[in-house]
Each structure stands twice: as structure tokens, then as C-alpha cells.
Amino acid sequence: MSKIIESLKKYHWDTPVIIAVSGGLDSVVLLDALYQSHPQQAIVIAHVNYHLRAESDQDAAFVAQLAEKYHAQLVVKDFQNNNPSGIEGRARDFRYEFFEELAQQYHSQTVLVAHHADDQVETILLNLIRGGQLSQLTGMSAVRDKVLRPLLDYYRQDLFDYAQQQQLTWREDETNFDASYTARNAIRQNILPALSELNSGAKRHILDFAGQIANQEQLMNQQIQLFLPQLEEDWTKVPEDWLYPTLRYWLTEKGFYRLKNQQLMAIGRLLKNWQKPSGYIDLGEDWQFHKTYQKICLKKKAKKSKKAQENLSVMLKLNQWNFLTDKPLCWSNQQPKGYEHMIKLPSLPGVNHLFLRSFKSADRLAIKGGSKAVRRVLIDAKIPLENRHHALVLTASDNKILGVRLPNGKWQMSQDSSAQANQDSTWLVW
């Protein structure tokens, strides 16, 4: 019995198996081997009609015949090609989203794809040429989430031999032989044959190196696991040599599989910029990496409400409650009793109202021996950059700042206000 069939027998599935079938040699062999190794297995064939070639509809019809032959459920989805640029990436994303939809629809935990050893070698060389992370040189994972690649140990020639023995027929995609069509085709038709001429074991050696890198990655990841709690609690506690690997692992765990090296370097520069205690880096798809002093996190881009806050100005009348903030606020000339929070202000002769408004870049707060920009007050209070526009300043009618209400609900008062407090003082209570 074929080694491919024997290798598939080690798998056991309780739910329907989704199998990606294009109609080409690789997927036809996988489908046949699956059927022969698991004759009672419920199979759902997933086929994407890309409509990129004149023969696409004929491929779909051939796959429909395969579904009948192997007593499988067939689901076909059409790919809409509205933009020729970046089509490989978009097509890949499209089919894997399709596979996930089917897995949910059929309550399946397994999606089989027919990538083999030659595909793995091509992928490794493509990643090497394009640049990126060292971990990408390990190639495709045999198992990732629901996706299973059971043929990665077999070369294209092994699949061809199997198809010949089983008298299988398949569809040929002529574009696969056009070296100018894609970078992968150029590697397949030109580069790998040239490498094999230099050394007949070139492909095997490339895979061996990928395996060694994968083993090193596994050892590194075991150590990184120890640093992950420190990274989120206080990133400065992660040893410098381990910061980048730990960040990369953490971001991958959060779902950022295609993080560019430039983005990772930008994050590293932000973390090491001691002059900028808070900041963020765009990661794409409306996500941002945020640093706030020793804390890091990922956030969706906030919908800007800043403009509405910038023009905020509310009058506080003496002994009247205001409900602008999260807790009702009152400016009173009567000494308060029984309130959780209060701040003593100086007497303000002839003043019967104050203003609570959003702070401006020119605002300054009196401190001992001078003054400080409100912006600096917020920085010193470790208020995250994205929250600073929520700060409010309390002013008298002459626009002199009496205090600053921080976004965290705390107040920082002017030293002048504190120094002048006396028996005629007023109070802020909340």
C-alpha cells in the first residue's frame, strides 16, 4: 500500500473534513489518499473558481466530477478579481477565509490542503528573498489552527508516482510553467533547477536548514514564555537581548502574523525613546501598539471625539451642582460636610462664577517658584497621550488657572490658589 495512504491512516477525525481541491495533481492525490485511508470519512470539498484563466470553469466542472466519484459534498466559491495588483495575496486570503467559513458551517476542526515538500522549499526561498523574520524561514506549519498539511514530507515526484499508480487524472494549470507569471513560478522553473544542478540534494538541504531553524525557534519560544508576563506588566523588566523576540512572539499570539520588520523596529524605537513616555505605532487594519510608560497594549483606533472636547467651556455658578464630569461637581462658599472629595480654594471677592473648560496648549499652572505647562502636568501625571484631551482646567473670570482636572478624575491645583486659602475660602466638592 502507498506510503501516502499509510501516513494518512494515523489521523482520526470525528467531524466532516474540509479538503481544498483545485483539480491539480497535488489536491487530487490528497483527495484520493484521504478517501482510501478513511473510506467512511465525511468529506466536504472546497473549490475556489478564480476566473483568472479561460479554463477556470472547466476546472470547477472537473472538481464536481471528483465530488461524485468520492461521494463528497462540494462547495464552490467565486473569486471576484477587481484589482490585478497584489492578486496572489488577496486570493490566498480569500480562500483561507472561505475554508474557515466552511469549517464553521460544517462544525469541522480540520481543513486539509495539499502543500508538499517542493511547495515548502519554494516558500522558504520566497521568504528569504522578500525579507522578514527568521521564523519565516521555517516554511509552512504542518498544523496551524484548523489547517493540516499532511503531504509536506512528500515531493512533487512522489505525488506524480502515486497518481500514476492509482491511474488518476488531473487538471494542468499552464500558467504554472510560465516563469514570468509569478515569483514562485520563477523559483520553480529557473532557480530550483539551477540549484539542483549545483547539488542534487539542494532541496533536501534547504528543508534540513529550515528544520534546524524551527528547532532553534522552539527553544527560543520556551524561554520567551517566561518573559511574556513581564512584557505586559512592565516591559522594562524584559532583558534587552530578549525584548525584540518577546515582542514578536507576543504580537503573533495576538494575531499579527504579517508584522513587517520595519514595524517591529519602530516599536523598539518607541520603547527605547525615554523622551517620549507615551506613544503608539500603527499596525494596520485600525490597530495600534501603545506604550504608556512601563505598560504596553494593543488598541483599536479610537474614533476621534477630540474636536468636541476642545471647545468645551462650562460655567460653574456658586453653590450650584454641575453634572459635566463623571461625578457631580459643585463650587461652594459653605464649608462642606459629608462629601467624599473636597478641595479648598482661596476667596475670590466679586467672583460669582468660575469656568471649567478643556485645556489649551498655552495654558500654564502656577507652581512653587514659577509655572508649568498643563501639557507637562499631564505628562508628569503619566496620563496616556490619547486621553490628555479629556483634561479640564478651572479658571476664574480673568482666565487665571486655579487647577487642572486630570482625565483620571484627580485634581492638581495652582500653588497660588493653595497659598491664598483662608477663612473666606471656597470649596470644590464632588
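The values are calculated or read from the model by the stated rules, or taken from the named source; none is laboratory data. Keep in mind that this is a model prediction, so the values were computed, not measured. Note that each Cβ is placed from the backbone with ideal geometry, even for glycine, and that neighbours are counted across all protein chains shown. For the accessible areas, the whole protein counts, side chains as well, though only heavy atoms, and no ligand, DNA or RNA atoms are used. Shrake-Rupley method; radii C 1.70, N 1.55, O 1.52, S 1.80 Å.
Only one of these is more than 29 Å from ILE281 (Cβ to Cβ), modelled with pLDDT of 85 or more, surrounded by fewer than 18 Cβ atoms within 10 Å (Cβ to Cβ) and hydrophobic (A, V, I, L, M, F, W, C): TRP411, TRP331. Name it.
Sole residue among the options that is more than 29 Å from ILE281 (Cβ to Cβ), modelled with pLDDT of 85 or more, surrounded by fewer than 18 Cβ atoms within 10 Å (Cβ to Cβ) and hydrophobic (A, V, I, L, M, F, W, C): TRP411.
Of the residues that make up segment 176-199, is at least one surrounded by fewer than 17 Cβ atoms within 10 Å (Cβ to Cβ), part of a helix (DSSP H, G or I), modelled with pLDDT under 95 and among the hydroxyl-bearing types (Ser, Thr, Tyr)?
no
Going through segment 119-144 one residue at a time, which ones are open to solvent by less than 40 Å² (accessible area, probe 1.4 Å) and among the hydrophobic types (A, V, I, L, M, F, W, C)?
VAL121, ILE124, LEU125, LEU126, LEU137, MET140
Per-residue answers, yes or no, for (1) open to solvent by 60 Å² or more (accessible area, probe 1.4 Å); (2) modelled with pLDDT under 95; (3) in contact with a Phe, Trp or Tyr (Cβ under 8 Å, 6 or more places away or on another chain):
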residue: ASP26; (1), (2), (3): no, no, no
residue: TYR35; (1), (2), (3): yes, no, yes
residue: HIS47; (1), (2), (3): no, no, no
residue: TYR50; (1), (2), (3): no, yes, yes
residue: SER56; (1), (2), (3): no, yes, yes
residue: GLN65; (1), (2), (3): yes, no, no
residue: PHE79; (1), (2), (3): no, yes, yes
residue: PHE99; (1), (2), (3): no, no, no
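Spot the failing condition for TYR339; the list is (1) outside any loop (DSSP other than H, G, I, E, B); (2) at pLDDT below 80; (3) open to solvent by 60 Å² or more (accessible area, probe 1.4 Å); (4) touching a strand residue (DSSP E or B) at 6+ places or on another chain (Cβ under 7 Å), and only one is missed.
So the condition that TYR339 fails would be (1).
Are any of the residues in segment 204-216 outside any helix (DSSP H, G or I), surrounded by 12 or more Cβ atoms within 10 Å (Cβ to Cβ) and not aromatic (Phe, Trp, Tyr)?
Within segment 204-216 (the criterion being outside any helix (DSSP H, G or I), surrounded by 12 or more Cβ atoms within 10 Å (Cβ to Cβ) and not aromatic (Phe, Trp, Tyr)), the answer is no, since none of the residues qualifies.
Which one is modelled with the lowest pLDDT among residues in segment 113-158 that are hydroxyl-bearing (Ser, Thr, Tyr) and more than 25 Å from ASN190 (Cα to Cα)?
Per the criteria, the residue is SER135.
Which of the residues that make up segment 145-175 are open to solvent by less than 30 Å² (accessible area, probe 1.4 Å) and in a helix (DSSP H, G or I)?
Of everything in segment 145-175, those that are open to solvent by less than 30 Å² (accessible area, probe 1.4 Å) and in a helix (DSSP H, G or I) turn out to be LEU159, TYR162, ALA163.
Looking for something more than 24 Å from LEU168 (Cα to Cα) and hydroxyl-bearing (Ser, Thr, Tyr) - is there at least one such residue anywhere in segment 45-63? Before the answer, list the steps.
Narrowing segment 45-63 to residues more than 24 Å from LEU168 (Cα to Cα): 51-52.
Checking the rest, the ones that are also hydroxyl-bearing (Ser, Thr, Tyr) come to none.
No - not one qualifying residue is present in segment 45-63.
Can you tell me which residue among LEU385, LEU378, LEU354 is touching a strand residue (DSSP E or B) at 6+ places or on another chain (Cβ under 6 Å) and either open to solvent by less than 20 Å² (accessible area, probe 1.4 Å) or β-branched (Val, Ile, Thr) (or both)?
Among LEU385, LEU378, LEU354, only LEU354 is touching a strand residue (DSSP E or B) at 6+ places or on another chain (Cβ under 6 Å) and either open to solvent by less than 20 Å² (accessible area, probe 1.4 Å) or β-branched (Val, Ile, Thr) (or both).
Taking segment 362-410, which residues are in contact with a Pro (Cβ under 9 Å, 6 or more places away or on another chain), touching a residue at least 60 places away in the same chain (Cβ under 8 Å) and in a strand (DSSP E or B)?
LEU392
Going by the conditions given, is PHE94 modelled with pLDDT of 95 or more and assigned to a helix (DSSP H, G or I)?
Here the answer is no, as PHE94 does not meet what is asked.
Evaluate the following for GLN73: is it surrounded by fewer than 16 Cβ atoms within 10 Å (Cβ to Cβ) and more than 32 Å from the chain's Cα centre (by Cα)?
yes
Residues HIS107, HIS116: which one is more than 16 Å from THR182 (Cβ to Cβ) and surrounded by 14 or more Cβ atoms within 10 Å (Cβ to Cβ)?
Exactly one of HIS107, HIS116 is more than 16 Å from THR182 (Cβ to Cβ) and surrounded by 14 or more Cβ atoms within 10 Å (Cβ to Cβ), namely HIS116.
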